[in-house]
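> This structure is in structure tokens; I'll ask about it shortly.
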Amino acid sequence: MDAAAPPISAAWAASSRGAATQTARLLAILVSLASAAVLGLGAWITPDAAGHGSHTQLGLPPCAWAVVLHRPCPTCGMTTAVSHAAHGHFIRAFLAQPFGLVVALALTVAFWSGLHVAAFGSHLGPLYARLMTPRVLWAIAAVAAASWAYKWATWQA
């Protein structure tokens, strides 16, 4: 454990004192709205059967990396995975892009956490911020890299 950060139970106790400020509640609402917008777009589009390319339904151009190199970029399949997850197809989301499923789940947590903070004034935001230690961020980066390697190995243009 990082010597600078208190144990999670201490951070939880500190975060639960008092109510969130109006600014924190407003920020929480914005986080919820942004998360809902991304998940809503994912539900609105149809996941591409190829496992990538769903973003073109949003008016975005095809991935230049994939067009030029015929290999996936680090985020290839993310939109498709989020769309699958928004439709409740979690296995398909994982198969499209494992990190995309992680993103979709994180967006869901952010949506509900934001609503909780806005409604009840809790301090979940600072608690989540304290959990974002370098070790956790490196683990997230490793999962993203492994997901890209998976996408590279399973790529079908």
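What follows draws every value from the coordinates through simple rules; no lab data is involved. Predicted model only: the values in this text are computed from it and were never measured. As a convention, Cβ positions derive from the backbone with ideal geometry for all residues, glycine included, and neighbour counts pool all protein chains shown.
> So, R0 is 22 Å and r is the distance between the beta-carbons of residue 49 and residue 153; what FRET efficiency does that work out to, to 0.05? Walk me through the numbers before you get to the answer.
On the way: r = 19 Å, r/R0 = 0.86.
Efficiency, from the Cβ-Cβ distance: 0.70.
> Let me know the volume per residue of the alpha-carbon convex hull for the chain, in Å³.
Values: hull volume 20.5 nm³, N = 157.
In the chain, the Cα convex hull volume per residue is 131 Å³.
> Rank 59, 121, 100 by mean-square fluctuation in a GNM of the chain with C-alpha springs under 10 angstrom and give only the top-ranked residue.
For the chain, modelled as a Gaussian network with Cα springs under 10 Å, the answer is 59.
> Just the Cα atoms of segment 111-157: what Rg and Dmax do they give in Å?
Rg, Dmax (Cα atoms, Å): 16.5, 48.
> Taking Cα atoms, how many degrees apart are the long axis of helix 98-120 and the longest axis of the chain, rounded to 10 and kept between 0 and 90?
Helix 98-120 and the main axis of the chain meet at about 30 degrees.
> What's the extension gain from residue 22 to residue 66 if we count 0.36 nm per residue and subtract their Cα-Cα distance?
Values: separation 44, 0.36 × 44 = 15.84 nm, distance 4.48 nm.
Gain on stretching residue 22 to residue 66: 11.4 nm.
> What is the packing order of peptides 104-111, 71-78, 125-132, taking the mean over residues of other C-beta atoms within 10 Å and listing the highest first? If you can, show how the numbers build up before the last one.
Values: 104-111: 17.4, 71-78: 21.0, 125-132: 14.1.
Most protected by this proxy first, the peptides run 71-78, 104-111, 125-132.
> Can you tell me the length gained on complete extension of the stretch residue 37 to residue 108, counting 0.36 nm per residue apart and subtracting the Cα distance? Can you show the working numbers first?
Numbers: separation 71, 0.36 × 71 = 25.56 nm, distance 1.10 nm.
So the chain would gain 24.5 nm between residue 37 and residue 108.
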